[in-house]
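In what follows, a structure is listed as structure tokens, so that the remarks can point back to it.
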């Protein structure tokens, strides 16, 4: 494909023969394909059976097929990315945005349940998949994997992708379910990456109780220090913007500073050997709680949508790349003699994923329901809600792919090893199958379980819970924009009732008191009126 | 520096020895330095003697010095970028934003004068510098440059950087002067890059009239085709967004599509051997004229500030890199035996820059004044305005650096050649000197020429002419944002007077008629009311 373009350009007579030319062609192709994904994804919006992930996968597959034909079966992808590309450029915006857009009030009110699902659940899922694979893979004739590979597999396939379910759920009609699925997805991302990093860094070849203890300690310290770093950078950013009144002079500086400091938190964590994912996630939460309220309204709108856009582009990029890479013959060559192994392993993993999720969703829901007082019936997790939570975590997406690429590719020799080729192809099959098949089944299943839900959900709300409503009042040059936070819409009485019905809410209550008394005066936050451009008045709350 | 950080991290016990680690350190350092630039630049805002460019240069120099000391004099910069890095990632946002933020009405009303300054002026400047350098460099003992090098030098040093002057000028008090300086800067960027590309692509070693004619034809066709491509992509984007009502579902998709299509226009131009800079500039103009009015208000605010932010970050990044690179001993080693040559060449070039500008600013102003009818006295360019225009183009910045890096670096062997080392060091000296010395003198000079100007200029307006005023009305959860375009603020009577006083305005008048009759119904634009989220009503004008 790229060769055709270059020959056209060469015949045009202006072509240079720089080494960079090929690279530019590939970037042009990627940019064009991403545009196509967005337009087609938008056109298929109405059907609701499709989503951007499936569209991007399909376009990637189609392009890979065309490239495969035009290059004479040599390769199916135009740009071969190093594994760090995913982790340094594509993953940070996705995770930061998850933290930035999380509906903090609901998140912290259901904190115990969400973290149980996200952290403990991911660990259970990891254990089931690792254990199951260790015992089932040899029966398929796959006997060349070591303990570390199995543990890595567990971590890779415990990272869920709940975007598909969130697009179908209605946040207004099933708020508890929505916040559970969203919150679990976010905590799950962070947990699985931290777990994966802890596994790849540790020498687990001869497992014993001392090493296991050390591993657990390492995992915990990684969690604590990463969180601390993320919160610190977020607070520093909020403090800087609040103290120096950045909005006074320029919106661009505020936006630049927020983007750069968010990214800085991620790379700093990587420099110190911590989990950048966890750091940038908490940095996102802190920034949306403090820094976002300290900037001008222009900056608020800009950062909100810029972060969402970066996350969106990164995600469709990953799915498209997976689609292209799925047809890479190099990787399939090594499993060619036994295609049964690859498909068998994928089947086993899909089964383990379903079992692994069932092993924690239903027990944790049961415990959560038992600890919830009977007077707050609306906060019990019904059985059909449990089934939805279970289903929502069956898809595997961008994070799994990024982890698998990090572990099993890199140098060419590494990809050539049979176990790496097998595991990459297996990952691709699982992601393709779960995204396409499970993804397409999601809408019918949710409609079956919750027949009352409205058929059309506003996706801008699905992807960014804290919605900014912007009706155009009047017309012409002056348009009035109303910024409204739905998170603050509940009245105080229901808050008080909530408070005493659930221990988590007591924590939430004390946190809010602490926040109001100490944090907000120092770091700003909602209620802090920033320097207003134009009127030049400073109001401090 | 980076070694200290890694040793700390290593002692922390969690350090990996991946090859990517060093890279992450460098990115962390760059992110931290960029944050520092923004904060310090903001703090020095009040002084007005300083600006971000000088701050970034100073921080770059300081960091380079520290790295030089800690690495034992080995190197002064942490990341060595290939030349294409500037052209593929850093320059497109800067030029696109210039096109996107240009005040189209004033730009097209003064179209003849602005393009005379920007295009013809740049060519004159290029001729003076090339010719002067060809004759004066040998007298300094620099005899190893060929014709192509001299022509490239002319193109490199005809690219101006007028940001510094724009920060000091007041758009309300001297609208003509402001639009002249801004417009010239924008057209100049595009012209010098096109010129540079035409020179490097052509074999100019044996110059004769046929080759000169061919060169001129190539330059013109490059100009025409690049503009055409940029306009086409911009129109395609506007048409797509207008026809498919993207805002209906998601702001993020609109923003993504605008960013990706803008970038696509740039890389497509590069693929076809055209000038990406010119393409992306016109794509920016068309997008701000049509597409920007077709999207939701959220997207309008977001794109406007996102493009400005990307441009801002790219610019300070380039200045910081120049600061770091200035202390790179490798490059200085080759001019070490004769430092006189480097400084002599820089002096000669600075002189030629001043002469070259004088050669076109005053004559073109004279011609412009003669063709302007006497009844519109306010549109004559007074002598002190001419001096300001002349002064505003003396600074050399990001574009010059990017061009010089493209021409004279790349492979290590190339940088080692004495002529390349000489020209890179000369470029660095000219950029450092003109940015710091001329930059610091700008405010006193403008104040001396225009004593009435207010001392404090709103920078958000300076960097983005079409300002969006956002007073906060009331407080609490509902904030009202007023979007107002100052570009439409003039009344119709003054427009009509304008119209017949200047031939350009007649062109502008017919263009507006054509625009209203054919273009807007097809591609949207101001007055097109996009799909409103929340109310779900579609109104078409």
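Answer with yes or no whether residue A:221 is over 30 Å from residue A:422 (Cβ atoms) and either surrounded by fewer than 23 Cβ atoms within 10 Å (Cβ to Cβ) or within 20 Å of the chain's Cα centre (by Cα) (or both). Criteria met by residue A:221.
Scanning region B:254-268 for residues that are more than 18 Å from the chain's Cα centre (by Cα) and more than 7 Å from chain A (Cβ to nearest Cβ) yields B:254, B:258. Taken over region B:55-69, residues that are over 22 Å from the mean Cα position of the chain (by Cα) and buried (at least 23 other Cβ atoms within 10 Å of the Cβ) amount to 2. Residue count for region A:248-271, restricted to those that are in contact with a helix residue (DSSP H, G or I) (Cβ under 6 Å, 6 or more places away or on another chain) and closer than 21 Å to residue A:296 by Cβ: 13. Step by step: first the residues of region B:236-251, then only those that are assigned to a helix (DSSP H, G or I) and facing chain A (nearest Cβ under 7 Å), then the one that is surrounded by the most Cβ atoms within 10 Å (Cβ to Cβ). Which residue is that? Ranking the candidates gives B:251 first.
Given the condition over 27 Å from residue A:89 (Cα atoms), buried (at least 21 other Cβ atoms within 10 Å of the Cβ) and in contact with a helix residue (DSSP H, G or I) (Cβ under 6 Å, 6 or more places away or on another chain), answer yes or no: does some residue in region A:324-334 qualify? No, every residue in region A:324-334 fails to be over 27 Å from residue A:89 (Cα atoms), buried (at least 21 other Cβ atoms within 10 Å of the Cβ) and in contact with a helix residue (DSSP H, G or I) (Cβ under 6 Å, 6 or more places away or on another chain). Is it true that residue A:295 is crowded, with 22+ Cβ neighbours inside 10 Å, touching a helix residue (DSSP H, G or I) at 6+ places or on another chain (Cβ under 9 Å) and either over 20 Å from residue B:31 (Cα atoms) or more than 9 Å from chain B (Cβ to nearest Cβ) (or both)? So residue A:295 passes the test.
With the condition being at pLDDT 80 or above and out of contact with any helix residue (DSSP H, G or I) (no Cβ under 6 Å at 6 or more places or on another chain), I'd like the helices (runs of 4 or more DSSP H) fully within region A:141-235 carrying at least 1 qualifying residues.
Once the helices (runs of 4 or more DSSP H) in region A:141-235 are filtered for at least 1 residues that are at pLDDT 80 or above and out of contact with any helix residue (DSSP H, G or I) (no Cβ under 6 Å at 6 or more places or on another chain), what remains is A:147-156, A:175-201.
The values are calculated or read from the model by the stated rules, or taken from the named source; none is laboratory data. Since this is a predicted model, take the numbers as computed values, not measurements. Counting neighbours? That spans all protein chains shown, and the Cβs are built from the backbone with ideal geometry, glycine included.
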